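Let me begin by presenting the structure, written as structure tokens, before commenting on it.
The values are calculated or read from the model by the stated rules, or taken from the named source; none is laboratory data. Note that the structure is a prediction, hence the values are computed from the model and not measured. A quick note on method: Cβ atoms are made from the backbone with ideal geometry, for glycine too, and the neighbour counts reach across all protein chains shown. Ligands, DNA and RNA are stripped out before the accessible areas are found, and what is left, the full protein with its side chains, is counted by its heavy atoms. Shrake-Rupley method; radii C 1.70, N 1.55, O 1.52, S 1.80 Å.
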Amino acid sequence: MLCKNCGRELPIAGKFCPFCGAVVEQEGVNDETAVFTSLPDELKGPIDLSAFDAVMKEDHHAGGISGDGVTTGDPLAATDPHIPSAEELSSIRAQPVRRTSGASRANGAPRTTYFSEPDPDDRPYRKPSKGKKGAVIAVVIVLVLALIGGGVWFFVNSQPDENLTLAEKYLSRGDFDKALEYYTAAQAEAKDPSTLDVTIQLLEDYQTAKAYVDNGQYTEAIALLKQLQNRVTDPDSALYEAIEDLIDQSETAQSDSEFASDIEEVQSYLADKKYDAAAGKLDSLDADDTLTDEQKKQVSELRDQLTQAQEAEQKQQETEQKQNEQKQDFSSQMDALEQNDLQIASAATQEDELALTASSFEAWDNLLVQMYDYLATVLNADQYAAEEESYKQWVEERDSGAANAAKESSDETAGQLASYSFKQSYTKARCYKLLDLM
């Protein structure tokens, strides 16, 4: 309990402060403080210290007090700071002891059991109250709980993020699909998700570039991969190496795709007999130093095909030219025969007509044989075999028709004339048909 006047803690319970003498307002008196707060009437008079002095002198003469004033007879005298020394005792005896009357105390005079002002630090031990004990225990409990809570918080927050750990592990192994999956999961639980935005965007762009490659969009893939290469800061990382590998793969695939497209274009030119365009494309491929041995072999094979096609075309052109010349020759012969046949109509007698008709038939028949001989050199084996079979059938039809025409005549000359006339006209028609085949 503190004095309301001087603010010092009261060492014992009493009605007056032992330091300033102010009246102490007591809330209650227990058994321990009753002896100090209520005095019997016989002790309310002046205090006599003569008996105390006599005892002190006796102890002094008996050697109980040492030269420094400490009572040696008491085993606690050397360690108890509350036992006064000889000088302090002398000082106490020299001071007058006065007892303040009730009236004086009522006017505010201090009442004390001390003979002089005590040392503020020299206070008697006072057992702490139950309230203070409870407060100390509460403070200790709060501190312990705070330490435990802080430890738990530090342990929880110091634990590494499992998703982030797995993401970094998969990233270092080059399994970027798994790494992206765990980075996304770590971002969802992170306190600051923006710290993972750059890494996640890099992985997503890499997946996009890979999809471009799989779809054959090599131009788009190469452009995106080169951007990624500039954005990855660690050239020794697995992602940087994967980007370089994918760039090489894309460029190779793009080159193969372009080469395949060029080869297909050359083949199309050959099929359309555009030999000049095919030759120009092959010349461009021959000048490409990036072609592999296999690609160069394909270009060489197409070059051979072009040469053969050009030779075949040249031969075809020559053949066609010869055919045209031969066809023109046959056409000229047929015109000459047609001119000769005009004489048949002007024959004077039936015998002359018969002779002219027989001669015209032989001329047309010889021309037909020449035409078949020529076709044997122009048509392929199958075509000529089919035409030869048709010719045999045609000959039978011609001879049968001539015989029927002869039977219908009245005499032999007329029958012969009818027979030759049928053969001559039938053969002439066959010649014109063969001329159209040339």
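Observations on the model:
- Within segment 429-438, considering residues that are part of a helix (DSSP H, G or I) and either touching a helix residue (DSSP H, G or I) at 6+ places or on another chain (Cβ under 8 Å) or among the basic types (Lys, Arg) (or both), the one surrounded by the most Cβ atoms within 10 Å (Cβ to Cβ): Arg430
- Screening Ala405 with (1) over 25 Å from Glu320 (Cα atoms); (2) of a type in the set (A, V, I, L, M, F, W, C); (3) surrounded by fewer than 12 Cβ atoms within 10 Å (Cβ to Cβ) gives one miss only, at (3).
- Reported count of residues in segment 355-401, each being part of a helix (DSSP H, G or I) and either under 60 Å from the mean Cα position of the chain (by Cα) or farther than 15 Å from Met334 by Cβ (or both), is 31.
- Selection of first residues in segment 231-249 that are under 21 Å from Tyr218 (Cβ atoms) and open to solvent by 70 Å² or more (accessible area, probe 1.4 Å) and of second residues that are charged (D, E, K, R) and assigned to a helix (DSSP H, G or I), restricted to Cβ pairs under 9 Å at least 6 apart or on distinct chains, gives the following pairs, ordered by first then second residue: Arg231/Asp205.
- For Glu265: the one exception among (1) part of a helix (DSSP H, G or I); (2) in contact (Cβ under 8 Å) with a residue 24 or more places away in the chain; (3) under 25 Å from Gln217 (Cα atoms): (2)
- Filter result for Asp262 (acidic (Asp, Glu) and surrounded by 13 or more Cβ atoms within 10 Å (Cβ to Cβ)): yes
- Pairs with Cβ under 8 Å, 6+ apart, first in segment 286-304 and open to solvent by 60 Å² or more (accessible area, probe 1.4 Å), second part of a helix (DSSP H, G or I) and polar (S, T, N, Q): Thr290/Ser255
- Within segment 415-438, residues that are more than 21 Å from Glu351 (Cα to Cα) reach partners that are in a helix (DSSP H, G or I) and among the acidic types (Asp, Glu) with beta carbons closer than 7 Å, at six or more positions or on different chains, in the pairs Thr427/Asp365.
- The condition (being at pLDDT 95 or above and among the charged types (D, E, K, R)) is satisfied by just one residue among Asp214, Asp245, Asp192, Asp234: Asp245.
- Residue check for Leu306: in a helix (DSSP H, G or I), in contact with a Leu (Cβ under 6 Å, 6 or more places away or on another chain) and modelled with pLDDT of 95 or more: no
- Against the conditions (1) under 30 Å from Thr413 (Cβ atoms); (2) in contact with a Phe, Trp or Tyr (Cβ under 7 Å, 6 or more places away or on another chain); (3) of a type in the set (A, V, I, L, M), Ala347 satisfies every one except (2).
- Scanning segment 391-411 for residues that are modelled with pLDDT of 90 or more and among the hydroxyl-bearing types (Ser, Thr, Tyr) turns up Tyr391, Ser400.
- Residue match in segment 352-371 (condition: more than 23 Å from Glu338 (Cα to Cα) and either open to solvent by 20 Å² or more (accessible area, probe 1.4 Å) or without any contact (Cβ under 8 Å) to a residue 40 or more places away in the chain (or both)): no
- When residues of segment 409-428 are limited to those that are open to solvent by less than 50 Å² (accessible area, probe 1.4 Å), under 23 Å from Val369 (Cβ atoms) and among the small types (Gly, Ala, Ser), the one nearest to the chain's Cα centre (by Cα): Ser421
- The sole residue among Lys273, Lys210 that is in a loop (DSSP other than H, G, I, E, B), touching a helix residue (DSSP H, G or I) at 6+ places or on another chain (Cβ under 7 Å), open to solvent by 70 Å² or more (accessible area, probe 1.4 Å) and not small (Gly, Ala, Ser) is Lys273.
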